[in-house]
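So the structure is just underneath, and the comments pick up after that.
All of the numbers you see were taken from the coordinates with simple rules; none came from a lab. Computed from a predicted structure; not experimentally measured. Every residue, glycine as well, gets a Cβ built from its backbone with ideal geometry; the counts of neighbours run over all protein chains shown.
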Amino acid sequence: MSSGLNKKLWIIENQSERSKTAYAKLEPMLKAAGFIFDEADPELVVTIGGDGTLLSAMHQYEEQLDRIRFVGVHTGHLGFYTDFMADELEKLVEGLCHEKPEQAVRYPLLRVEVKHDGKTTLHYALNESILRRTSQTMVCNVHISDELFEKFRGDGLAISTPTGSTAYNKSIGGAVMHPQVEAMQLAEIASLNNIVFRTLSAPMIVAKKDSIRLCPEKADDYSLTIDQLNFHYEDVTSVDYSLDGASIAFANCAHTPFWERVRTAFIGDGVE
């Protein structure tokens, strides 16, 4: 096996027994291969668990995404972002020894800028961001590149990245998009459509050159979801979404092609 060449690395695992067992096996293998464990400033972050574990790791290192590459070990029920199974740890170590930073696979992130209480808060999402009210129907003006598009009434609105199109977006009727399609997707959650209130009532693919702005009516019970994280802001005046060039990098060692991931996750191997 080739040497890890003193690459700095960190492992993040969830609390399942399978993940703890995999960690106990993987840690000495990586140290023996010459990797240096550095939690503060890693070049590589290995997650053990599922997509939730990888999303948590991404947000933990959100300020360092320009210099970190991720790779996931799958120990749960569904791992869309994970490339290795728990019984493929030797293959993982070998792949990390040979991986090259310039060959990393990049997926776009969604930039989310929230204006609230006279302040501005910035987030990034790998999957999606959802704005909804917690107790009543949400009323919200939807702007596309500063032009008013519609007044939405319903449970909420979800804006997703191409990779996030396979997550919550898919469950509410959105389309599955390949990551090379540089666009966001806006999907309605239980919109009200009748003789009085009208919305497009269909998912929208919004090009990278455009932006989405949500301006909700004044209320103090809005919930904003960024991937698996929930935020409650008071006096939200607008939420702006864009693809501004930020991305997450995955180490290219046995990286699974996107459509193969989709087929494996949702259809299985029984295709005839």
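Overview of values
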read-out: Sorted by Cβ neighbour density within 10 Å, fewest at the top, the residues ARG261, ARG213, ARG67, ARG106; value: ARG67, ARG106, ARG261, ARG213
read-out: Built amide H within the under 5 Å cut-off of GLY154, gap 5+; value: MET138, LEU192
read-out: 222 nm mean residue ellipticity, helices alone, for the chain (DSSP H n ≥ 4; -39,500 (n - 2.57); rounded to 500); value: -5000 deg cm²/dmol
read-out: Antiparallel %, DSSP beta bridges [both residues in the chain], to 5; value: 75
read-out: Cross-link pairs beyond the 26 Å C-alpha cut-off, checked among LYS7/LYS209; LYS20/LYS100; LYS31/LYS91; value: LYS7/LYS209; LYS20/LYS100
read-out: Most fluctuating residue given options ALA202, ALA249, ALA167, as computed from a GNM of the chain linking Cα atoms under 10 Å; value: ALA202
read-out: Long-range HN-HN contacts of SER145 with modeled amide H, under 5 Å; value: SER211, ILE212, ARG213
